[in-house]
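One structure is given below, encoded as structure tokens.
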Amino acid sequence: MTIKRQLLNISQKSIDVRSGSGALEELPRIVSGAVGMPKRALLVSTDDANAAYGDAVRRALIDAGFSTEECVFPRETDPATLSSATEVLAGCARAALTADDLMLALGDAKLCSSALLAAQLWCGGVPCTLIPTTLDAMVTLPTEMHPLATPEAPDMVSLRPMPTMVVCDFDLIADMPLESRLEGRALMLGAALAEGKRVWEQLAESAPLIAADEPVAFSEVFGPVQQARRNVVKAANPSARHALSYGRATARALARCLGPEAPGWALLSEGMRFEARLAVEAAGLDADIVFDQDDLFEDLGIEEYGFSLDAEDFVRALKEEHARRSNRFLLPLPKSVGTIRLTAVPDDVLMRHARAYVASRAELVA
């Protein structure tokens with residue numbers, strides 16, 4: 001398969017996204033263009049990613065003309081913390097990295113996000129190439145980093161990522177954990193809903209093949225999804241720039257109520273399902289679009305997730321989680337395919353939908 005190149009122009013910078021099957025085989029040629037003259041590189045990775053793909057990446061860096069220092073995070077370490085980003089900065093010092101050298105991150109969204117933050121801080125900005133090893137990371141990292149945690153607050157430190165290059169090899173998808181694949185598919189759905197009918201219909205047409213992890217299907221949809229996410233980030237309307245947060249306030253509330261055993265893909269997809277139903281009354285969304293979303297989730301292999309939860313506890317968690325990030329209770333709700341805007345939701349509407357929603361989920365585990 002041909003490796004596709006897509007330039008995402010954001011804030012006077014172009015992010016070079018390379019995607020397709022066999023991208024790692026083309027890495028020596030691809031990575032040499034990330035800097036003006038290959039000299040030093042810092043390879044940042046997790047144990048798992050290093051064991052699976054580290055040899056190929058190291059050979060590619062050497063073939064491209066780089067001398068390489070490494071920063072490898074043990075499996076038990078959470079890379080999505082400020083302390084982990086500090087470890088990456090220490091690796092920059094060991095490697096004597098300059099603003100003309102390269103940082104290359106190999107791993108999931110958490111690992112790559114720590115590397116992104118460190119790269120933007122070191123020397124005022126070091127070229128940073130990402131090789132995501134999970135589907136959710138492939139979808140998000142060109143336009144969004146995973147928030148990092150401090151000891152006092154989880155998932156609160158983030159900025160707009162500015163990677164020099166993101167290399168997505170669709171041959172890696174078959175080896176990815178199922179949770180990553182399902183969460184990545186849900187993120188693709190959210191981007192398509194924010195963009196418009198053309199991408200929405202394209203995703204719906206390709207969904208069965210995406211659920212079967214067919215690289216060709218990913219290749220056809222991946223570019224439009226990245227363009228959709230870029231359009232949200234660049235939107236002139238401040239309300240529209242929140243479209244990528246669709247479903248996430250509810251996902252965080254469910255995570256708080258259900259605990260760590262609830263998988264990320266289920267939290268995000270259930271967040272979208274609840275907020276779509278809420279949007280019918282609060283934002284005037286056509287109910288047929290809610291059913292179309294349900295069908296698309298099913299075609300993507302993302303099933304409904306059952307649980308037992310008190311509606312009052314759910315609404316309280318939703319409001320408290322939202323209040324950690326905003327002083328106004330406005331949810332990004334779809335008004336139509338292609339339009340997701342911040343919307344005020346009256347308390348009585350929120351509670352009525354919450355009661356109906358948790359009751360429907362309790363039936364799944366009855």
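The values are calculated or read from the model by the stated rules, or taken from the named source; none is laboratory data. Given the structure is predicted, the values throughout are model-derived calculations rather than measurements. Using ideal geometry, Cβ is built from the backbone for each residue, glycine included, and neighbour counts are taken over all protein chains shown. Only protein heavy atoms, including side chains, enter the accessible area calculation; ligands, DNA and RNA are left aside. Shrake-Rupley method; radii C 1.70, N 1.55, O 1.52, S 1.80 Å.
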Carbon and sulfur %, accessible surface of the chain computed with the full protein complex present, 1.4 Å: 50
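Can you work out the accessible area per residue across the chain, with the rest of the protein chains kept in place, probe 1.4 Å, in square angstrom? If you can, show how the numbers build up before the last one.
Working: 15120 Å² over 366 residues.
Ligands and nucleic acids excluded, the result is 41 Å² per residue.
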Listed peptides 39-49, 197-207, 275-285 by packing density, highest first (mean Cβ within 10 Å): 39-49, 275-285, 197-207
Mean-position separation - Cα centroids, region 203-255 and region 323-356, in angstrom: 19
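Sorted by average packing, counted as other Cβ atoms within 10 angstrom per residue and highest first, what order do 148-157, 178-187, 308-317, 94-103 take? Before the final figure, lay out each step's value.
Details: 148-157: 14.1, 178-187: 22.3, 308-317: 16.4, 94-103: 18.4.
Answer by packing, highest mean first, reads 178-187, 94-103, 308-317, 148-157.
Tally Lys/Arg at +1 and Asp/Glu at -1 over every other residue whose Cβ is under 13 Å from the Cβ of Ala174; what's the total? All intermediate terms of the calculation are to be shown ahead of the outcome.
Numbers: positive: Arg181; negative: Asp169, Asp171, Asp175, Asp213, Glu214.
Combined, the nearby Lys, Arg, Asp and Glu give -4.
So how strong a dipole does the chain carry about its Cα centre when Lys and Arg Cβ are +1 and Asp and Glu Cβ are -1, to the nearest 20 debye? Don't skip to the answer; put the middle values down first.
Values: 36 positive and 51 negative charges, 329 e Å.
Here the chain has a charge dipole of around 1580 debye.
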Surrounding net charge for Ala266, when Lys and Arg each add one and Asp and Glu each subtract one, Cβ distance under 11 Å: -4
Cβ-based charge dipole, the chain, positive-most Cα from Ala95, Ala356, Pro147: Ala95
Positive-end extreme of charge dipole, the chain - chosen from Ser21, Pro163, Leu130 (charges on Cβ): Pro163
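So if I take the alpha carbon set of region 1-76, get Rg, then get Rh from the Kirkwood formula, what is the Rg over Rh ratio?
For region 1-76, the value is 1.00.
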On Cα atoms only, tilt of 347-365 relative to the major axis of the chain in degrees: 80
Surface/4 estimate of mean projected area, convex hull on alpha-carbon atoms of region 229-366, nm²: 8.3
Candidate lysines - alpha carbon under 24 Å from Lys4, same-chain residues fewer than 8 apart omitted: Lys13, Lys197, Lys234
Student exercise, region 14-128 dipole from Lys, Arg, Asp, Glu Cβ charges, in Debye to nearest 20: 260
Neighbour net charge for Phe329 - beta-carbon separation under 10 angstrom, K R +1, D E -1: +1
Over region 53-152, volume per residue of the alpha carbon convex hull, in Å³: 107
Highest to lowest packing among 246-252, 225-231, scored as the average C-beta count within 10 Å: 246-252, 225-231
